[in-house]
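Everything on this sheet refers to the single structure shown next.
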Amino acid sequence: MTLRVGIVGAGAAGIGAADALRDADADVTIVEKSRGVCGRAATRRKNGCRYEHGANYIKDPDERTEALIRDLGEDGLVDVEEPVWVFDADGEVAEGDDDGAHKWTWTAGITQLGKRLLARTDATVRRTTRVESVTRDESAATWTLTDADGGTHGPFDRLLLTPPAPQTAALLRATDWDDGRLDDVVAAVEDVSYRTIRTFVLHYPFRESYPWYGLVNVDKAHEVGWLSREECKDGHVPDGESLLIAQMSPEWSTARYDDPLDEAGDDAAALVAALLDDDRYADPDWVDDQGWRYALPNGGVDADALAAVEDAGLFFAGDWLVGEGRVHRALWNGHDAGERIAGSE
Ligand SMILES: Cc1cc2nc3c(=O)[nH]c(=O)nc-3n(C[C@H](O)[C@H](O)[C@H](O)COP(=O)(O)OP(=O)(O)OC[C@H]3O[C@@H](n4cnc5c(N)ncnc54)[C@H](O)[C@@H]3O)c2cc1C
């Protein structure tokens, strides 16, 4: 019997699951609220530049990540060569302890990970479709999704939920399933908290050279949490221009999350100029931003509570299951879930 699999979310975890199911006897449908795929590993294009305003790159501390990335095709693959340095609360910049791991993206952007993985599957992706509720048909042992426009998707024999924990918890609260275990699952998922990050994209009509690609605030006491030079990625920024990615600290980001871009962007640029000790950075010629309410999970979930409902065909995946906001960890967590789903045929 062909297994009908529904996946909510086309981030690294959802796509990883679809990839793991590509050789199984499964009919896979991914329902994604955004226009694009790859979730928080996101790429945007503006004024001739291309930039990553969520995850900056995919690190590969393990051989299987590198093997998978190379397997997707080396055309346009970018390994950022310049290292990541560090700075402290006083803005003191120092050489970092670079572990020499690859920092992968693509000239066409980090979303190539999702696009290339999906291209080798038969999965159907329904974009711009926000799932609002889930219904269980106990007699048929299936799941059906209802979206924000009232459309339905399914029935599915297996359902995999991959949105960040607070969004998954909202979906579970809107799940019509009369099973005593659901409360335990909701409680476990609600327990996972996230750090918020507001990213600013600062463009300048000049380019300076530095020995680093990125600067990370190691004592977590500076308003800027991360600063990087998008021009270090081939094909992202035209010659002679520079584009800085400033990810503000969770405290700053939470306090200034809803402030207008011109106001908050001016303040962020001033902090960047002070950090780089160069006044020119206080005056970018254009600015963009993105708020990530659920940027990085603070810890993992009680996995036992979630595993307890897999026999009803309900599965979960994402960075919040491993407790670390990393693209490759979400991807492999989704892959593992996909393998368990394939094994549950
Ligand atoms: C600013 C920032 C910087 C980061 N830097 C790095 C980095 O340099 N390196 C690194 O490895 N990682 C980094 N990360 C973390 C990394 O991006 C994430 O850990 C990873 O992308 C998570 O993948 P995921 O599939 O678990 O979740 P997501 O990517 O969040 O995917 C979940 C998907 O579900 C969709 N969705 C949510 N609700 C619904 C719904 N109701 N209906 C339909 N679809 C829905 C979302 O639109 C999304 O596409 C960073 C993250 C942020 C925000």
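Annotation: the antiparallel percentage among DSSP beta bridges lying fully within the chain is about 65.
The stretch 33-74: D in µm²/s via Stokes-Einstein (Kirkwood Rh, Cα pairs, 4 °C, 1.567 mPa s)? Let's see the in-between values first.
Numbers: Rh = 12.2 Å.
D = 106 µm²/s.
Could you list the square roots of 5 times each eigenvalue of the Cα gyration tensor of the stretch 2-142, that is, the equivalent ellipsoid semi-axes, sorted largest first and rounded to whole Å?
Details: eigenvalues 231, 63, 47 Å².
Over the Cα atoms of the stretch 2-142, the ellipsoid semi-axes are 34, 18, 15 Å.
Along its three principal directions, the equivalent ellipsoid of the stretch 127-255 from the Cα gyration tensor extends over semi-axes of 43, 19, 11 Å, largest first. Placing a label point 7 Å from the Cα of residue 174 along the Cα-to-Cβ direction, the residues of the stretch 32-58 with a backbone N closer than 17 Å are 32-35.
Give me the percent of the accessible area of the chain that comes from carbon and sulfur atoms, probe 1.4 Å, all protein chains in place. If you can, show how the numbers build up before the last one.
Numbers: 6230 of 14890 Å².
About 42 percent, which is the carbon plus sulfur part of the accessible surface.
For the stretch 42-101, the C-alpha radius of gyration sits at 1.43 times the compact-globule guess of 2.2 N^0.38 Å, with N the residue count. Once the 1.4 Å probe is applied to the protein heavy atoms, the stretch 35-135 comes out at 51 Å² accessible per residue. When the Cα atoms of the stretch 125-181 are aligned to their principal axes, the ranges along those axes come out at 31, 22, 18 Å in descending order.
Panel values: the stretch 3-42, Kirkwood radius from alpha carbon pairs, Stokes-Einstein at 20 °C and 1.002 mPa s, translational diffusion coefficient 207 µm²/s. Computed across the chain, the Kirkwood hydrodynamic radius from all distinct Cα-Cα pairs reaches 21.0 Å.
Here's how it looks for residue 103: its modeled amide H is under 5 Å from those of 80, which are all 5 or more places away or on a different chain. Taking amide H atoms as placed 1.01 Å from N in the peptide plane, the amide H of residue 54 lies under 5 Å from those of 42, each 5 or more residues away in sequence or on another chain.
Using the C-alpha atoms of the stretch 60-153, what convex hull volume per residue, in cubic angstrom, is computed?
Working: hull volume 20.9 nm³, N = 94.
Hull volume over Cα atoms, normalised by residue count, gives 222 Å³.
Give me the number: length gained by fully extending residue 88 to residue 298, i.e. 0.36 nm times residue separation minus the C-alpha to C-alpha distance, one decimal in nm.
73.5 nm
Looking at the stretch 1-120 alone, DSSP beta bridges between its own residues are antiparallel in about 65 percent of cases.
Calculate how steeply helix 261-276 sits against the longest principal axis of the alpha-carbon atoms of the chain, using the helix alpha-carbon long axis, and give the answer as 0 to 90 degrees to the nearest 10. Between the helix axis and the principal axis of the chain, the angle is about 60 degrees. Converting phi to 3J(HN,Hα) with the Karplus coefficients 6.51, -1.76 and 1.60 and the offset θ = phi - 60°, the stretch 171-183 yields 5, 5, 5, 9, 9, 8, 8, 8, 9, x, 6, 4, 4 Hz in sequence order, with x at every glycine or proline.
Within the stretch 231-320, all pairs of alpha-carbon atoms sorted by distance into 5 Å bins from zero give the percentages 2, 10, 16, 15, 14, 11, 8, 7, 7, 5, 3, 1.
The values are calculated or read from the model by the stated rules, or taken from the named source; none is laboratory data. If you're wondering where the values come from, they're calculated on a predicted model, not measured in any experiment. Counting neighbours? That spans all protein chains shown, and the Cβs are built from the backbone with ideal geometry, glycine included. The area values use the complete protein model at the heavy-atom level, side chains included, leaving out ligands, DNA and RNA. Shrake-Rupley method; radii C 1.70, N 1.55, O 1.52, S 1.80 Å.
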